[in-house]
Amino acid sequence: MPITTIIRSLALVTSAAIAFSSAGCGQFEPRDKRFYYRALWNFSLREDLAELDSEFNGVDFGHSNLYENLLLTGGRDVPAIEERARKETLAFIASKPRLNPNEEAIAPTYMKLAWRAQNTFDEAHALHRATYDIAVSDEPDKDRAIRNVLAYYKDSAYAITSKLLDHRRLDGFPYSKTFRQRFPLFNATIWSYHYLQVAVYDPLLAAPDLPAKTQAVRPILATYRRYLDVPPVDWTFMPLTAELSPQFAARYPELAHIFDNLHMLHDNISDILASERLPTWESKRAEIYRLVNTYYLAAADATNPMILSTEGAHHH
Amino acid sequence: MAGLAGPALALDHDNLDPNRPIGLEDAYAIPKGEIGLEGGVRFNDRREGRTHVTFQPQIIYGAFANAQIEMQGDLFTDPQSLVGANKSGDLHLGLLYNFNTETLNLPALAVRVEADFPTGVNSKGVDTQLTGILTRSFGRLRVHLNGGYTILGSPQGQERPGTYRAVAAVSYPLGYPGWFRDTLIVSLYTRQSDRQGQRNHTGVEIGLRHQLTSRVVLDGGLGTEFMGPSERAALLGTVGVSVGF
């Protein structure tokens, strides 16, 4: 191939790429995936307490499946969410998956809408997984391991703040509560996931060995499965770490705050996707990014008006 | 390989790498900090000439944000008969850089820069390759386009001094909403022949990537070249494994 033809072809491709990028430059954003904290205890939960791990794998399906369905149905189709999407989620949980699903295959549209928020979730979920792995493993110095993994998490630009946030105010936007009011069954199912995620910490850390840990989480799993069968629609707010695992929250307050903030952000995004006040995908994306950037990321701590100054100020 | 993995997987079967199992790349690098060891065996049953078997060891590392570096050294049976850039035992170094994640308006875009150093049998000169990569999804179906140009550092005999290559492919996760461990890949490709005066190699490949465990992905693929020179592939086959940690 003559060199002039090559240069002409490259120029054409470059011009097309620039034009293409310019057309959508408002949505040009980096992927920024980061590997999880590497340690000997990686996958301890999966290998040693699969009974609990498979429930978390099921939970991973739930949020993504909900977001994709809310987005594609405009957040107004009650049977599509409460019946079809919720039952797909329950069926996946009941299959006791040995591995977590690829969430981009579950929610390809939502991932393209709000990747920055998803990457924020992914990093916080990796922190969740790491703390379970540490709790289940035979790691002799769990405090040190948790300090290390927390430091690794906080080093990310996508880290959620470890400060106590005012969840009541974060649940007070004009569109807040839309999701739970319109889709009470799926909302209660989501809160049941969050119950499971935070309720297991105290029993896992208190039990001295693996058989004891396995026994300790069984009552919580039984309660969780009852909630899936009969969603707790009478709950008025999401479960909080300090209420369900008070010893964990006292010992690792930053982790407790991160997980509660993570769960609050999940609720916010459900409301945004369900609300007619934000009628277009672009407006939903803008509001999700506004919340993430202004109220949730640790990078905004210096100016975040939702940070509560004292622990005592936090109540529901 | 792309960084599609959730937080509880070391490798992800939805990530696509050249030769794992077919000659295609998607636009995403592995996550920053990840290390992957990959290996495979590929056979090329040619219409004329002896069957080539290739062993494909590779290390990939998410060295920087949105970038992976790769080190590879293919080993071929019958190494004296090879023509083109990829000689048996050449040291192959590559860098894949992903510019952006896919959004509603934009596909994911990436560039790959590669160099083959003449450490192999009958190899001379440093060969270089530049490839542009685009990934766009439509629902769960992902479309991938690769266009690349290879410049030989020291072409020998009738070897072309440079060759282009173009690939169009789709990948699809099988089993939604109940199963998330298999990805099907189908590609159509054309590339200039290694010798001057011959037609392009043009063929199809189909492959499957299976997530075996959190850290291990298995792959297998088949293909054929329906146009090209007389020694084009009648049947291509690959099996491989990738381990992430």
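Please treat every number below as a calculation from the coordinates, not as lab data. Every value quoted in this text rests on a predicted model; they were computed, and no experiment measured them. Neighbour counts are summed over all protein chains in view; Cβ atoms, including those assigned to glycine, are modelled from backbone coordinates with ideal geometry.
Is the shape of region A:79-135 rounded, prolate or oblate, going by the alpha carbon gyration tensor and its root eigenvalues a ≥ b ≥ c, with a/c under 1.5 for rounded and a/b larger than b/c for prolate? It comes out oblate by the Cα gyration axes. Measuring r between the beta carbons of residue B:48 and residue B:104 and using R0 = 30 Å, the FRET efficiency lands at 0.05.
Fewest to most neighbouring Cβ within 10 Å: what's the order for A:90, A:127, A:70?
So the ranking, lowest neighbour count to highest, is A:90, A:127, A:70.
Each of residue A:309 and residue A:222 was given a label point 7 Å from its Cα along the Cα-to-Cβ line. The distance between the two points is 4.7 nm. GNM on chain B, alpha-carbon springs under 10 angstrom: the most fluctuating residue among B:221, B:49, B:40 is B:49. Quick check: from the Cα gyration tensor, does region A:29-69 come out rounded (a/c under 1.5), prolate or oblate? Cα axes put region A:29-69 in the oblate bin. Pairs exceeding a 32 Å alpha-carbon distance, out of A:112/A:213; A:112/A:142; B:32/B:124; A:112/B:32; A:142/A:177; A:87/A:142: A:112/A:213; A:112/A:142; B:32/B:124; A:142/A:177; A:87/A:142. The loop-placed trypsin sites (Lys or Arg not before Pro) in region B:48-123, going by DSSP, that have at most 14 neighbouring Cβ atoms within 10 Å of their Cβ come out as B:50.
Using only DSSP helix segments of four residues or longer, with each worth -39500 (n - 2.57), what per-residue ellipticity at 222 nm results for chain A after dividing by its residue count and rounding to 500?
Using -39500 (n - 2.57) per qualifying helix, the result is -19500 deg cm²/dmol.
If the chain linking residue B:117 and residue B:188 were pulled fully straight, counting 0.36 nm for each residue of separation and taking away their Cα-Cα distance, it would gain 22.7 nm. Compared with the alpha-carbon gap, the fully stretched path from residue B:124 to residue B:77 is longer by 15.0 nm at 0.36 nm per residue.
Treating each Cα of region A:44-112 as one equal point scatterer and applying the Debye formula with no solvent, the log10 of I(q)/I(0) at q = 0.15, 0.19, 0.22, 0.29 Å⁻¹ comes out as -0.49, -0.72, -0.87, -1.20. Exposure proxy shown here: for B:91, B:109, the number of other Cβ atoms within 10 Å sets the order, fewest to most, as B:91, B:109. The slack between residue B:174 and residue B:215, meaning 0.36 nm per residue of separation minus the straight C-alpha distance, is 12.8 nm. In region B:131-236, what chymotrypsin sites (Phe, Trp or Tyr not before Pro) fall in a loop by DSSP, with at most 15 other Cβ atoms inside 10 Å? Here the sparse-neighbourhood loop sites are B:179.
Kirkwood Rh over Cα pairs of region A:37-313 into Stokes-Einstein at 25 °C, 0.890 mPa s: D in µm²/s? Once the numbers are plugged in, D ends up at 130 µm²/s. Each residue in B:117, A:43, A:179 was given a count of other beta-carbon atoms within 10 angstrom of its own, and listing them fewest first yields B:117, A:43, A:179.
Which loop-located GluC sites (Glu not before Pro) does region A:182-277 contain, where loop means any DSSP state but H, G, I, E or B and the Cβ has at most 12 other Cβ atoms within 10 Å? Here the GluC sites (Glu not before Pro) that fit, given the DSSP loop and packing criteria, are A:276.
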